[in-house]
Amino acid sequence: MFKFVVNRGVRTASTPRIYNAFASFNLPRYVSSFATVDAEGISGSSPAEVLNLVQGKWIGSSNLNTIVDPLNGDSFIKVAEVDETGIQPFVESLSSCPKHGVHNPFKSPERYLMYGDISAKAAHMLSLPKVSDFFTRLIQRVSPKSYQQAYAEVYVTQKFLENFCGDQVRFLARSFAVPGNHLGQQSHGFRWPYGPVAIITPFNFPLEIPVLQLMGALYMGNKPVLKVDSKVSIVMEQMLRLLHTCGLPVEDVDFINSDGKTMNKLLQEANPRMTLFTGSSRVAEKLAGDLKGKIKLEDAGFDWKILGPDVHQEDYIAWVCDQDAYACSGQKCSAQSLLFIHENWSQTNLISKLKDLAERRKLEDLTIGPVLTFTTDSMLEHVNKLLEIPGSKLLFGGQPLKDHSIPSIYGAIKPTAVYVPLDEIVKGKNYELVTKEIFGPFQIVTDYKSSQLPIVLDALERMHAHLTAAVVSNDPLFLQQVIGNTVNGTTYAGLRARTTGAPQNHWFGPAGDPRGAGIGTPEAIKLVWSCHREIIYDVGPVPNNWEIPPST
């Protein structure tokens, strides 16, 4: 389905058309009600422009960051980036929000209902085929993945919004009361907003992550400034415009495009009460220090899967492993990075089936595509270093993609798997190399005997990022042992266990870190975007015979 789009992107001789914020393009009615770009029409000859939003106004910038098409290298998007001299309006906007938020249970409670209505309208919009197709295509243009993978992101976002229609937003602020010590005393626990907050999200899910975190922040009464990776920020700019047509007050959210240094300066000067960061562990740790711990993190994950001793459904298990490791070209924070295979699977054709599934992926339909954070050379260099470990071998892949026009600033390799013996993985000199996260179509494979399960569990204990995991087994005692000795925040267990594909109906986030952030569920929203406030009512009456007691 996407082959036409890829080919069209390469043919730059098509008739140029210039679009601006007032263009209507020949788009379907529902799309033209908010869209300022044509997802199909963006090209080097007809580039799109991404603006900033602050204090209720869309603004440009003389500092334009030119984004190249990841499929052919054309300069196809111009992002108006704010530099350090232009952050003052954003600082003032955040500073105008009090610590008690835009709304809370005692202030402007009608806004809870307003956001229920906004969610209902936005969910309906995303359910329309022309609108969902618009965002699916737009995601593909900037973060190339198959149509099905890009559509899944739109679908999850739409279902999330459905989950918070009507009264569901105010139910997030549900309080509780506990009887006091005497007549007239009760303690009440409330969920309270932070007020001014910041959201920083990565490139790999340009719609789902920012929308779910942004709406959670707004539901609880916060005033957010949102920064999305400039390579993909056009998606969220268009989504904000859709939300405005659904009733989102234009002054409720600020949207900034900038480099990391400028955003860091904004955070230092505006001093938001809480910042949500989704992205690399290195940046996360720096921000945690700069912001003095006022941060929630959903950072990188070196995610593992264990195939247990019970062998079932070989074809299905192979297919899930392929999806977990190589869908979206492996550019998911939940992607399968390390696969432990019990020795009982050695009698099966699992590895050869994994190889066959990986080799059917192709650039034409974007089931494999450009890697936006690693170059081809850097990924292949990592493969070569691993192959120097005694006993290691290349299972499949390990070669550049051929016959493409992906620019050299990005990576393009075939889906790759390297086998490394378990006893070599756990050696100090090798462990750091083996557990280095390669945000691309790459995984480590190893095997283990039943007697070696403690070694496997020790290897998992030594990891520092505990996001997702899968324990593929229907053996309850095996599940109990592995789950009881690990910590990953989103762990799938059972025959159909996976590491990726988190929907909107369950918590997604790391565990084992007090800074860990979740996404998607009411529990995640309350944890990340509100704090606990206790109000103790003590209205009396004072007993009639009360007298001043002795000093204590």
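Brief remarks on what is shown
- Cβ-Cβ FRET estimate between HIS506 and GLN347, R0 fixed at 51 Å, reported to 0.05: 0.90
- Surface per residue (accessible, 1.4 Å probe) for the chain, Å²: 42 Å²
- Cβ-defined net charge surrounding ASP252, 10 Å radius [Lys, Arg +1; Asp, Glu -1]: 0
- Apportionment of accessible area to carbon and sulfur, the chain, percent (1.4 Å): 53 percent
- Dipole axis of the chain (+1 Lys, Arg; -1 Asp, Glu on Cβ), positive-most option in LEU401, PRO109, TYR431: PRO109
- Note on the chain: helix-only mean residue ellipticity at 222 nm, from DSSP H runs of 4+ residues weighted -39500 (n - 2.57) and normalised by residue number, equals -10000 deg cm²/dmol.
- All aspartates and glutamates inside 17 Å of LYS427 as judged from Cα atoms, apart from same-chain residues fewer than 8 positions distant: GLU388, ASP447, ASP458, GLU461
- Here the chain carries DSSP beta bridges of which approximately 40% are antiparallel, counting only pairs with both residues inside.
- Comparing PHE302, ILE87, TRP529 along the charge dipole axis of the chain, the residue lying farthest to the positive side is ILE87, per the Cβ-charge model.
- Distance between modelled label sites at ARG496 and HIS182, nm, 7 Å Cα→Cβ extension: 5.9 nm
- Within the shell defined by Cβ-Cβ distances under 13 Å, the residues around ARG361 carry a net charge of 0, with Lys and Arg each +1 and Asp and Glu each -1.
- Net length available on complete extension from ASP423 to HIS100 is 110.9 nm, with 0.36 nm assigned per residue and the Cα-Cα distance removed.
- Relative packing of 73-79, 238-244, which averages over residues the other C-beta atoms within 10 Å, highest first: 238-244, 73-79
- By average C-beta atoms within 10 angstrom, highest first, the peptides 103-115, 475-487: 103-115, 475-487
- Extending 7 Å from the Cα toward the beta-carbon at both SER551 and GLU110 defines two label points whose distance is 5.3 nm.
- Sorted into 5 angstrom bins from 0, the C-alpha pair distances of region 304-493 split as 1, 8, 17, 21, 21, 17, 9, 4, 1, 0, 0 percent.
- Among the listed pairs LYS305/LYS414; LYS265/LYS402; LYS130/LYS296; LYS362/LYS429; LYS261/LYS305, those whose Cα-Cα separation exceeds 31 Å are LYS265/LYS402; LYS130/LYS296; LYS362/LYS429; LYS261/LYS305.
- Net charge dipole size for the chain [Lys, Arg +1 and Asp, Glu -1 on Cβ; Debye, nearest 20]: 700 debye
- Centre-to-centre, using Cα atoms only, region 45-109 and region 468-532 are separated by 33 Å.
- Inter-centroid distance (Cα atoms) of region 233-309 relative to region 142-201, Å: 17 Å
- Listed peptides 226-234, 522-530, 308-316, 355-363 by packing density, highest first (mean Cβ within 10 Å): 226-234, 522-530, 355-363, 308-316
- Measuring between alpha carbons in the structure, the pairs from LYS57/LYS159; LYS223/LYS294; LYS332/LYS385 lying more than 19 angstrom apart are LYS57/LYS159; LYS332/LYS385.
- 12 Å Cα-Cα reach of LYS145 towards aspartates and glutamates, excluding residues that sit fewer than 8 places from it in its own chain: GLU153, GLU364, ASP365
The values are calculated or read from the model by the stated rules, or taken from the named source; none is laboratory data. Model, not experiment: these values are computed from the prediction. A quick note on method: Cβ atoms are made from the backbone with ideal geometry, for glycine too, and the neighbour counts reach across all protein chains shown. Note: areas computed on protein heavy atoms with side chains; ligands, DNA, RNA excluded. Shrake-Rupley method; radii C 1.70, N 1.55, O 1.52, S 1.80 Å.
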